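Remarks on the structure that follows.
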Amino acid sequence: MQGVLRLSAAYVPVDPMSPPTRAATIMRDCRIAALVAPGDRARSVLDGDLAHIPLLAADSSASTTAVPEPDDHIERAPRRSVGTEDDLAYILYTSGSTGVPKGVCISHRNAMSFVEWAAREVAAQSEDRFSNHAPFHFDLSVFDLYAAFLSGACVSIVPEHHAYVPRALVEFAAREEITVWYAVPSALVLMVERGGLLSQSGLKLRTVVFAGEPYPIKQLRRLRQGFPGVRMFNWYGPTETNVCTSYGVSEIAADRSVPVPIGRAASGDRVWAVKDDGSEARIGDEGELLVSGPTVSPGYWGRQPHGDEPYRTGDIVRVEPTGDFVYVGRRDEMVKIRGHRVELGEVEAALLTHPEIEDAAVTTAGFGIEARLVAFLAARGQPPPLLELKGHCAGRLPRHMIIDSAIFLGELPRTRNGKVDRLALARMAAEGAMPT
Amino acid sequence: MTREEMLAELKDFVGRELLDGRDAGLNERTPLLEWGVIDSLSIAELLSFTSERFQIDVPQDEVSPENLEDLDAYVGLLLRLV
């Protein structure tokens, strides 16, 4: 990634857990010039119309393009071409509501505005050790990597298989003497509840940052009380803006029953909420959060740029008396599964490609780490088993978008204007049309 | 306990607990992680079932994508640990 940026080129991190068909869709969409990947994984993708793409394989024997010798490299390295801060630095693909992933373009200015702000916010120093828990295609990793580089700190990459063992994550944090840990609340909750984080000895943590989804208040209170000397931040921002609000979590009132605020403007951005009537939300009002400023993406790859328009997040917030924003919910069908953004429409589109599925509506059940995707389906004939549907999804979607349950109905409930009645489905999912 | 008995018990557990009570189509080669049959939450359940039912504690280092790829790989691991 560093090498690509030094060439003034742009990189596109692809979810290593996503199926080859999706990786290929992304590579076609962004018209990649070269692929860097492990040989076996690359071979599953570089096929057909992508077969001519040069490959730099992690195991160099499989590379189809020459890997320069170290000395050679210095001599012949292309000079860094002079770009502008509006040049593209990287593209992050996220779930798209129409069934096709969309590429969020991030310029150097976008990224640097966030990174410089974030390093100041956590007072990053060269003695720090950051953990990198989020995969590279997930924008949480931008902080870990680049705030560490900016401040001359060290970053320790969490081995992939630790993700399955909360205890291993906690021991990693102690062993690597991590001082700054940034993760989705789901991961932190697992580390506290099942990994023994609060009783682990030898921890050097001084700052814990979380983002991506609301932190359930009971569990956050436990973390806050367990680590009285650690600074904690709740950051907020979709991929299109990176972090655009920040809230420092100090003592949590005993009677607070809703998540802590997402806070106020960050990264040099301006954020405000607009009510349904178009006027700006005042204290006590709810409205959609809008963002403008240096971290706002110029747009999606291959689509019309946003121009100078503020970015509409689709998130509904309430304005607290302190001026902080509190996250309330979504305007649309986008949900979060353990911090990952999921457009329900994309899951539905994948299910509808199954020959036996006539109609599909997907909803969520449960909260926090227990959140699950439940599909309500109408079949043409014999309903296919859940396992078959999971396999079908796995061939088209990243892992966190695979359905957890399938419930077959004669037909899906509809509202009077003919749309799928999602409220009724959400009720059914919550009520135990659910297996336990 | 034989490999087949172990496999049958695990299949039954995965079907009952993780697949809405139906194990239709589940076999020892079904990709467990790739198809999202198990994830970081249900792995903990699988490990505690393994510990209770077979008295085998899987060490942290062995909880790897390779050993959890499918039931065949997992049973292979358990037999090595016995």
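Values quoted throughout were computed directly from the atomic coordinates according to the rules given, and no laboratory measurement underlies them. Source: prediction; values computed, not measured. FYI the Cβ positions are ideal-geometry reconstructions off the backbone, even for glycines, and counts take in every protein chain you see.
Going by amide H atoms built from the backbone, whose H comes under 5 Å of the H on A:Thr364, apart from near neighbours?
A:Val374
I need the phi-derived Karplus couplings for region A:184-192: 6.51 cos²θ - 1.76 cosθ + 1.60, θ = phi - 60°, integer Hz, Gly and Pro marked x.
With coefficients 6.51, -1.76 and 1.60, one gets 6, x, 3, 5, 5, 4, 4, 5, 6 Hz.
Please find the FRET efficiency linking B:Glu9 to B:Glu66, where r is the Cβ-Cβ separation and R0 is fixed at 25 Å, and quote it to the nearest 0.05.
That pair, B:Glu9 with B:Glu66, gives E of 0.70.
Considering amide H positions built from the backbone, and no H for Pro or chain starts, which residues 5 or more places from A:Ala89, or on another chain, come under 5 Å of its amide H?
Close amide H contacts, sequence-distant or interchain: A:Ile106, A:Ser107, A:His108.
Using a Cα distance threshold of under 29 Å, what count of lysine pairs results for the protein assembly as shown when pairs must be 8 or more residues apart or interchain?
Lysine pairs satisfying the spacing and distance rule in the protein assembly as shown number 12.
Just to verify a number: FRET efficiency for A:Ile217 and B:Arg22, C-beta to C-beta distance, R0 = 51 Å, to 0.05?
Numbers: r = 36 Å, r/R0 = 0.71.
Result of the calculation: an efficiency of 0.90.
For chain A, what is the mean residue ellipticity at 222 nm derived from helices alone (per DSSP H run of n ≥ 4: -39500 (n - 2.57); sum divided by total residues; nearest 500 deg cm²/dmol)? Before the final figure, lay out each step's value.
On the way: 12 runs with 105 residues, N = 436.
-6500 deg cm²/dmol, from helical runs alone.
Determine the shape class of region A:1-56: with a ≥ b ≥ c the square roots of the Cα gyration tensor eigenvalues, call it rounded for a/c under 1.5, and otherwise prolate if a/b is greater than b/c, oblate otherwise. The partial results should precede the final answer.
Values: a/c = 1.63, a/b = 1.56, b/c = 1.05.
Prolate.
Taking the alpha carbon gyration tensor of region A:334-431, what are the square roots of 5 times its eigenvalues, largest first, to the nearest whole Å? Write down the numbers at each step before the final one.
Working: eigenvalues 72, 61, 27 Å².
One finds semi-axes of 19, 17, 12 Å for region A:334-431.
Over region A:201-319, what is the percentage of antiparallel beta bridges among all DSSP beta bridges, to the nearest 5? Spell out each step's value before the answer.
Values: 17 of 21 bridges.
Restricted to region A:201-319, the bridges split so that about 80 percent are antiparallel.
Counting only C-alpha contacts under 8 Å and six or more residues apart, can you give the relative contact order of chain A as a whole percent?
After rounding, I find 12 percent.
Which whole number gives the average count of other chain Cβ atoms within 10 Å of the Cβ atoms across peptide A:159-167? Write down the numbers at each step before the final one.
Numbers: counts 1, 2, 9, 4, 5, 14, 11, 3, 3.
The mean count of partner-chain Cβ atoms within 10 Å per residue comes to 6.
With each pseudo-label sitting 7 Å past Cα toward Cβ, what's the A:Glu286-A:Asp40 distance in nm, one decimal?
4.9
Could I have the simple spin-label model distance between A:Ala265 and A:Thr84, label points 7 Å from Cα toward Cβ, reported in nm to one decimal?
Each label point is offset 7 Å from its Cα along the Cβ direction, giving 2.4 nm.
Over chain B, how many percent of alpha carbon pairs lie in each 5 Å bin up to the one with the longest distance?
Pairs per bin, as whole percents: 3, 15, 31, 30, 17, 4, 0.
Within 10 Å of each Cβ of A:343-352, how many other protein chain Cβ atoms are there on average?
Across the residues of A:343-352, the mean count of other-chain Cβ atoms within 10 Å is 0.
So how do A:Arg194, A:Arg414, A:Arg338 line up by other beta-carbon neighbours within 10 Å, fewest first? It would help to have the intermediate numbers written out before the result.
Numbers: A:Arg194 17, A:Arg414 13, A:Arg338 21.
Least to most surrounded, the residues fall as A:Arg414, A:Arg194, A:Arg338.
Taking 0.36 nm per intervening residue step and subtracting the Cα-Cα distance, what contour gain separates A:Asn417 from A:Glu116 on full extension? Intermediate results must be reported in sequence, preceding the final value.
Details: separation 301, 0.36 × 301 = 108.36 nm, distance 4.90 nm.
Answer, rounded to one decimal: 103.5 nm.
Provide the percentage of antiparallel DSSP beta bridges, counting only those with both residues in region A:334-431; round to the nearest 5. Before the final figure, lay out the partial values.
Working: 13 of 17 bridges.
Antiparallel bridges: around 75 percent, rounded to the nearest 5.
Where Rh is the Kirkwood radius over the Cα pairs of the protein assembly as shown, the temperature 37 °C and the viscosity 0.692 mPa s, what D in µm²/s does Stokes-Einstein return? Show your work: numbers first, answer last.
Values: Rh = 24.7 Å.
D = 133 µm²/s.
Once you average over the residues of A:383-395, how many Cβ atoms of partner chains fall within 10 Å of each Cβ? Mind showing how you got there, number by number?
Values: counts 0, 2, 8, 11, 14, 3, 1, 9, 7, 1, 2, 6, 2.
Going residue by residue through A:383-395 and averaging, the value is 5.
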